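Report on the structure given below.
Nothing in this text is a laboratory measurement; each read-out follows from the coordinates by a stated rule. For clarity, every value in this text was computed on a predicted model and none was experimentally measured. Note that we place each Cβ from the backbone using ideal geometry, even for glycine, and neighbour counts take in every protein chain shown.
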Amino acid sequence: MARRQHSAPATAGGETRTPVATLDATPQAGAMAPPPAGEAEQVQETLQRCRLIWDYALDIILFVHPDGRIAEVNQAAARAYGYSREELLTKTIYDLRVAETAPRVSVQMAQAEAEGLVFESLHRRRDGRTFPVEVSSRGATVGGQALLLSIVRDISERKQAEAERERLLAELQRRATELDTVLENTDAQLALLDRDLNFVLVNSAYASGCRHRREELIGRNHFALFPNAENQAIFERVRDSGEPYRAVEKPFEFAGQPERGVTYWNWILVPIKGTAGDVAGLLLSLVDVTPQVQARQQVQRLAEESQHRAAELEAALNAISGGLIIYGSGEEVLHMNPAAERILGVTAAAWGALSTEGRVRSLQVETADGTPLPSAQLPSARALRGEVVIGARVTVRRPDGAHRHLLSNAGPIRDDAGRLVGAVANVNDITPIIELQHLRDDILRAVSHDLRNPLAAVLGQAQLLERRLQKAGLSGPEKHSVEAIITGCQRMNTMIQDLVDAARQESGQLSLAQQVLDLGPFISDLLQRQTGVLETARIHAEAPAGLPPVSADPSRLERILVNLLSNALKYSDPGTPVTVRLALGDGWVITSIIDRGRGIAPEDLPHMFERYYRTAAAREQRREGLGLGLYITRMLVEAHGGHIWVQSELGKGSTFSFSLPIA
Ligand code: ADP
């Protein structure tokens, strides 16, 4: 059918290019039976109206031959394509449209006849510009010819609007993605609520904060889910007043979750204005600052605790009677207790203001023997070099003029890493003790001198008497009495000698007259001389052959041996043996005095060589003695450069040993 319609105008239009569909083509109208008079006027009027519609229609109207030639156009077509009507009538539809943007006319005619056809296409103006169109086509038989009637609408604006809509949609999508990215990548828990306080949007942080899934929250009322009258009032106030609400470290306890304890939150709740300026909803931003607040609380607690400790320490330092000074690594005074201020006669401020040299100078610090102390030797200065100083004795002249004897200990303070960060020094005023010692030594010297003179007289007279008794042949009780007087005098003399030597040793006045001597023969001689004074019969000497000589002061060596032998005899049962054994050590000759007495208790052993020390047993049994013998013995051995020590077992006996250097 399409082909038949197609072929018909091809023969007809071949010779005459008469536009078949023009509305004023009266020949076609005239081809019909002439209308009756009166009716003719009506027809004219109808045609007139049609003409108006045809030319003033906004859409392009085209009649097209099946081969594409344009049969007729309206004025809108001339405007749209930029050609005159006459020019258009010389063209085909294919000249006006961009190739392949629409089906061929024959195809269109076939379809259009069936149901009418609407499609979009792209048409081209005279100036080459193209514009999108919507084409509605249908078949039309005009003057017996089958034509295609196409109503073509310029849809540029619609297309632009569509493109704009697409662009806006894409833009919206991008914004939504951006917003989501922002919402999901913030520390804050964010929620958007509508005016009725229903959740519109929440980020994952918010949802997991309330232990819900996001979709469970959306559309639900905040306070229906999480009832809280106080917070609800805040939300409503922001909504109704339009004023934002901010809170820092606002405490919050989760209902039904006591294990979470008190949590702390930074709040920002802002109204969201609608287009009319009213409040359309609320944006809530919550930041959990619990860890920070807890950390700060912990630091505060620790600070309070350490302040408390420092106060306790300060109170303790202030209460002790010893002076205590704490120095920083730069010798600055960090703490000086009142006792230290009192002992040194300076205030902490004044002491702290001085350099080490200044301190030594201002107090005229001297060593115990009276030489000025170099500032580097000050106990605190030594401790700041890492040394531990124990029992350093110095004298000072205080600003008030008083001369004091001080005993000081000092040690370094190190941090966890072992770095030296300061020093602590303690000072004790031992002036009263030193003064007492001096007093005692004075008394001792006086007493020993005053005692010795009458004693020498008694001994002299007793020895004279002994000789007279011998001449007179009296060997009975008279001789025993005289001998007892002589022994007693000699013992007393030894004791006085001990007192004098102790005093001398302490004041550094003990001097030795050393000789090279062989210990074996020296001991044999001594035992012979002491017969009658000591129970020499109980004493046995053992000496290996070829012992080297030693260097010793004979009179002091005699004192050492007499002291140890008389103790061994005194503190063991009558008749039990006492052995003197000599042995060779590395560079030394060692002399041991061994008894089988009652021994010494372990708790007494460390104190045996201390001045005036007597064992509890000796005190109980009221044995005679001053507790000076072993002290003097140690002093004398040490003056020779040797050592003395004791080994003992209760009930078995004691061994006192001393070493003397080989000459
Ligand atoms: P004293 O003048 O009292 O004897 P010493 O210094 O000689 O003073 O001795 C001190 C104390 O040591 C004595 O009181 C005594 O208890 C004890 N002592 C000394 N030697 C012995 C010993 N060989 N066996 C047991 N105890 C001893």
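Remarks
- A dipole drawn for the chain from +1 and -1 charges on Cβ atoms has a positive end, and of Val333, Ile268, Gln297 the residue lying farthest that way is Val333.
- Per-residue Cβ neighbour rank within 10 angstrom, fewest leading, Tyr56, Tyr245: Tyr56, Tyr245
- GluC sites (Glu not before Pro) lying in DSSP loop within the stretch 593-663, provided at most 14 other Cβ fall within 10 Å: Glu603, Glu610, Glu624
- Alpha-carbon centroids, the stretch 103-144 and the stretch 584-631: separation in whole Å: 140
- Helix 519-530 vs. the chain, principal-axis angle (Cα, 0 to 90°, nearest 10): 50
- Given charges at beta-carbon only (K, R positive; D, E negative), |dipole| of the stretch 483-557 in Debye: 80
- A simple count of charges around Thr356, restricted to other residues whose Cβ falls under 13 Å of its Cβ and scoring Lys, Arg +1 and Asp, Glu -1, yields +1.
- Considering only Val248, Gln160, Leu547, and ranking their Cα positions along the charge dipole of the chain that arises from unit charges at the beta-carbon of Lys, Arg, Asp and Glu, the one farthest toward the positive end is Leu547.
- Euclidean distance between Cα centres, the stretch 467-488 to the stretch 391-429, Å: 63
- Residue-wise HN-Hα coupling along the stretch 132-141, computed from phi with Karplus coefficients 6.51, -1.76, 1.60 (Hz; x: Gly, Pro): x, 9, 10, 10, 10, 10, 8, x, 9, 9
- Alpha carbon centroid spacing (whole Å) that separates the stretch 539-573 from the stretch 249-304: 91
- Of the chymotrypsin sites (Phe, Trp or Tyr not before Pro) found in the stretch 248-327, the ones in coil according to DSSP and having at most 15 other Cβ atoms within 10 Å of their Cβ are Phe254.
- Residues of type lysines that Lys471 reaches as a straight line, Cα spacing below 21 Å, ignoring anything fewer than 8 places off in the same chain: Lys479
- Pairwise FRET efficiency - Lys570 versus His540, Cβ, R0 = 25 Å, nearest 0.05: 0.90
- Cross-link reach is defined here as a Cα-Cα straight distance under 12 Å, omitting same-chain residues fewer than 8 places apart; for Lys652 the aspartates and glutamates meeting it are Asp573, Asp595.
- Net length gained if the chain between Ile433 and Leu420 were fully extended (0.36 nm per residue, minus Cα distance): 1.2 nm
- Of the chymotrypsin sites (Phe, Trp or Tyr not before Pro) in the stretch 612-659, the ones in a loop by DSSP (not H, G, I, E or B) with at most 11 other beta carbons within 10 Å are Tyr612.
- Dipole magnitude of the chain, debye to nearest 20 (Cβ charges: Lys/Arg +1, Asp/Glu -1, about Cα centre): 1740
- Mean separation of Cα contacts under 8 Å, 6 or more apart, over the residue count of the stretch 501-621: relative contact order %: 22
- Rg/Rh (Cα only; Kirkwood hydrodynamic radius) as it applies to the chain: 1.62
- The length gained on full extension between Arg104 and Thr92, counted as 0.36 nm times the residue separation minus their Cα-Cα distance, comes to 3.2 nm.
- A crude spin-label estimate for the pair Ala319 and Arg385, with each label 7 Å from Cα along the Cβ direction, gives 3.7 nm.
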